[in-house]
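Peer 1: Have a look at the structure that comes next, please.
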Amino acid sequence: MHALFLSIVVELFTSQGCSSCPPADAFISQLAKTRTDVIPLAFHVDYWDHLGWRDPFSSHEWTQRQMLYVRSFRLNSAYTPQFVVNGTQQSIEEASRAKPVGTVAVDAVRDGPNIKATVRANAPPNSDIVLAVFENSVGTRILRGENAGRTTTDDAIVRKLMRVQNGTVTVPIDPSWNHLGVAVFLQNRGTMTITAASSVQISPQRH
C-alpha cells in the first residue's frame, strides 16, 4: 500500500489519568477519522501514572519528547493536554498554509511480529527522518484515578518512535497491536519544526 503525502503532524501529549484530557483525546480521534491532511499522534506521558491510574500506553520516552518542546517553546513546565502542530505552537489552519520543505514518502506492511517500512526522503540540512508506529481503536476501562469509571477508545497511540534513514527498516512490534499505521516526518534538530510528513495505514491482522 502506498502513502498519501501529508504535511501537518498534530502531536497530543495526554494521559488517561488526567481529567481534562478526554476532550483532547476525542479531538485526536476526530482528526484521525475526518482530516486527510493531518497526521495525529498521541503521546501518552507517564507523570500522571503515580496519581491513581497507570496509563497502559504511557512511556517516559514520550515525557522526554514533551520536555524537548517545553524547552523549545520556553515554557515553565509540561502540562496535559498539550497540542503541538508541526513541531510548533501554531494552529492547524496556519500550518496548512505552509509549504513543505523536503519530501518524504513511506510504504509499510506487517510481516508477522514486525513492520517492514520503506522510507524515501529528501531531508533538508540539520533534519532527522523520524518514523512513528501508531495504533488506533484501542479500548480501555479506567478503574482508578481522575477518570475512574470511564471506558475510552483511543486512537493514534504512538507505540514506537525512532530516527531512520532512507531504505527499508524492520520494526519489532507487540503481536497484540492491531489497527496500526506508520508515519514518517522530517524534523529540524534545532528548531523542532516538522517540515514534511507522510503516513500509511496497515491492514489489520487476521485472527
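Peer 1: Could you say whether any residue in region 104-114 is within 18 Å of Ala24 (Cα to Cα), in contact (Cβ under 8 Å) with a residue 12 or more places away in the chain, surrounded by 14 or more Cβ atoms within 10 Å (Cβ to Cβ) and not hydrophobic (A, V, I, L, M, F, W, C)?
Peer 2: no
Peer 1: Just to verify a result, which residue in region 146-170, among those that are among the charged types (D, E, K, R) and not in a strand (DSSP E or B), is surrounded by the most Cβ atoms within 10 Å (Cβ to Cβ)?
Peer 2: Result: Asp155.
Peer 1: Do we have Val106 as over 30 Å from Arg141 (Cα atoms), in a loop (DSSP other than H, G, I, E, B) and touching a strand residue (DSSP E or B) at 6+ places or on another chain (Cβ under 9 Å) here?
Peer 2: Criteria not met by Val106.
Peer 1: Output yes when any residue across region 45-54 is in contact (Cβ under 8 Å) with a residue 40 or more places away in the chain and within 25 Å of Phe185 (Cβ to Cβ), and no when none is.
Peer 2: no
Peer 1: Could you count how many residues in region 155-201 are in contact with a Gly (Cβ under 7 Å, 6 or more places away or on another chain), of a type in the set (A, V, I, L, M, F, W, C) and over 23 Å from Thr34 (Cβ atoms)?
Peer 2: The qualifying residues number 2.
Peer 1: Sticking with this structure for a sec: Can you report the number of residues in region 64-78 which are without any contact (Cβ under 8 Å) to a residue 24 or more places away in the chain and in a loop (DSSP other than H, G, I, E, B)?
Peer 2: Residues flagged as without any contact (Cβ under 8 Å) to a residue 24 or more places away in the chain and in a loop (DSSP other than H, G, I, E, B) within region 64-78 amount to 5.
Peer 1: To continue, here is another question. Answer yes if at least one residue in region 80-88 is closer than 21 Å to Ser15 by Cα, at pLDDT 95 or above and in contact with a Cys (Cβ under 9 Å, 6 or more places away or on another chain), and no otherwise.
Peer 2: Checked against the condition, which is being closer than 21 Å to Ser15 by Cα, at pLDDT 95 or above and in contact with a Cys (Cβ under 9 Å, 6 or more places away or on another chain), region 80-88 yields at least one hit.
Peer 1: Restricting attention to region 57-71, does a residue exist that is among the polar types (S, T, N, Q), surrounded by fewer than 23 Cβ atoms within 10 Å (Cβ to Cβ), farther than 25 Å from Asp128 by Cβ and out of contact with any strand residue (DSSP E or B) (no Cβ under 6 Å at 6 or more places or on another chain)?
Peer 2: Within region 57-71, not a single residue is among the polar types (S, T, N, Q), surrounded by fewer than 23 Cβ atoms within 10 Å (Cβ to Cβ), farther than 25 Å from Asp128 by Cβ and out of contact with any strand residue (DSSP E or B) (no Cβ under 6 Å at 6 or more places or on another chain).
Peer 1: Between residues in region 85-100 that are more than 18 Å from Ser198 (Cα to Cα) and residues that are assigned to a loop (DSSP other than H, G, I, E, B) and at pLDDT below 95, which pairs lie under 9 Å by C-beta distance while being six or more apart or on different chains?
Peer 2: Going by the 9 Å Cβ cut-off, the qualifying pairs are Gln90/Ala98.
Peer 1: Can you pull out every residue in region 12-21 that is crowded, with 18+ Cβ neighbours inside 10 Å, farther than 18 Å from Arg159 by Cα and out of contact with any Asp or Glu (no Cβ under 8 Å at 6 or more places or on another chain)?
Peer 2: Answer for region 12-21, where residues must be crowded, with 18+ Cβ neighbours inside 10 Å, farther than 18 Å from Arg159 by Cα and out of contact with any Asp or Glu (no Cβ under 8 Å at 6 or more places or on another chain): just Cys21.
Peer 1: Of all residues in region 17-41, which are free of Cβ contacts under 8 Å to residues at least 60 places away in the same chain and either closer than 11 Å to Pro81 by Cβ or in a loop (DSSP other than H, G, I, E, B) (or both)?
Peer 2: Within region 17-41, Pro23, Ala24, Ala26, Phe27, Arg35, Thr36, Asp37 qualify.
Peer 1: Then there is this: Name every residue in region 22-41 that is surrounded by fewer than 18 Cβ atoms within 10 Å (Cβ to Cβ) and of a type in the set (Val, Ile, Thr), in order of residue number.
Peer 2: Correct list: Thr34, Thr36.
Peer 1: State the number of residues belonging to region 42-52 that are surrounded by fewer than 23 Cβ atoms within 10 Å (Cβ to Cβ) and either modelled with pLDDT under 95 or not in a loop (DSSP other than H, G, I, E, B) (or both).
Peer 2: Total satisfying the criteria: 3.
The values are calculated or read from the model by the stated rules, or taken from the named source; none is laboratory data. The structure displayed is predicted, hence computed values, not measured ones. All Cβ positions, even for glycine, are placed from backbone atoms using ideal geometry, and neighbour counts span all protein chains on display.
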